[in-house]
Amino acid sequence: MNLNSPLFDRIRVKSGAQEESAPAGSGCDHPGCAAVGEYRAPKGRNREGQYFCFCLDHVRAYNQSYNYFNGMTDEDVAKYQKEAIIGHRPTWTMGVKRGKGFREEGADPADFVDPFGVMRERAQSRRAAAPQPPRHGVAAAKALETLGLDESADAPAVRARYKELVKRLHPDMNGGDRSREEKLREIIQAYKHLRTARLA
């Protein structure tokens, strides 16, 4: 690439975006001040993008006394702060769609006419197709299975089943026979898990 090409002489590059500043040599906007106004200060509410040009002393004094909400009532300030949370954009209540073809807020749902039963059939098919979520986690379901119970068992049923199995499998109840000791450990572990899961 030849940097001495005459093509490069015709290329004009814009300088980067520079912060707007006061025009050089303009005076301070404070009445009676002859100093150079090189510092910008916002003019206030409803005049966004407009600025005063002050000298350093007067911009400091202006900033100390500046109040964006000056002249607004308490209700207006509260409304402004509430709208500022959402960036002053319009919002709607969750689940409410506005416009043609949608039910307006406050309209009676009984006025809705479904002559072909489409909405009724759809609701019934959703209810039938929706799988019932398990009442307990996988570990709790496995612990209930170890005790020989299903997921519909409540806490008293779990405790009663645990007592029954411990009495049946404990070596002291079987004349010292330790052949079922491993099964007894599994049942005790399952019961402990169900107790920590507050199912027993």
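Go through the stretch 26-76 and give me each residue that's at negative phi, loosely packed, with under 10 Cβ neighbours inside 10 Å and outside any helix (DSSP H, G or I). Quick ask: steps written out before the conclusion?
Step one: list which residues in the stretch 26-76 are at negative phi, which gives 26-31, 33-43, 45, 47-48, 50-70, 72-76.
Still in the list and also loosely packed, with under 10 Cβ neighbours inside 10 Å: 31, 34, 47-48, 64-65, 67, 70, 73-75.
If the condition is that a residue be at negative phi, loosely packed, with under 10 Cβ neighbours inside 10 Å and outside any helix (DSSP H, G or I), then 31, 34, 47, 48, 67, 70, 73 are the ones that fit.
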Can you pull out every residue in the stretch 132-149 that is loosely packed, with under 10 Cβ neighbours inside 10 Å, at pLDDT 65 or above and assigned to a loop (DSSP other than H, G, I, E, B)? none
Residues being surrounded by 16 or more Cβ atoms within 10 Å (Cβ to Cβ) and under 9 Å from residue 143 (Cα atoms): count how many of those fall in the stretch 174-196. 5
Residue within the stretch 151-159 that is surrounded by fewer than 12 Cβ atoms within 10 Å (Cβ to Cβ), part of a helix (DSSP H, G or I) and more than 38 Å from the chain's Cα centre (by Cα) present: yes
Looking at residue 69, is it over 19 Å from residue 29 (Cβ atoms) and at pLDDT below 85? no
Result of the Cβ filter at 7 Å on the stretch 147-159, keeping first residues that are touching a residue at least 40 places away in the same chain (Cβ under 8 Å) and partners that are charged (D, E, K, R), at least 6 apart or interchain, is 147/161
Pairs needed: first member in the stretch 76-88, under 16 Å from residue 45 (Cα atoms); second member anywhere, surrounded by 10 or more Cβ atoms within 10 Å (Cβ to Cβ) and not β-branched (Val, Ile, Thr); C-beta distance under 7 Å; at least 6 residues apart or different chains. 77/69
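The values are calculated or read from the model by the stated rules, or taken from the named source; none is laboratory data. These numbers come from a predicted model, not from an experiment. Note that each Cβ is placed from the backbone with ideal geometry, even for glycine, and that neighbours are counted across all protein chains shown.
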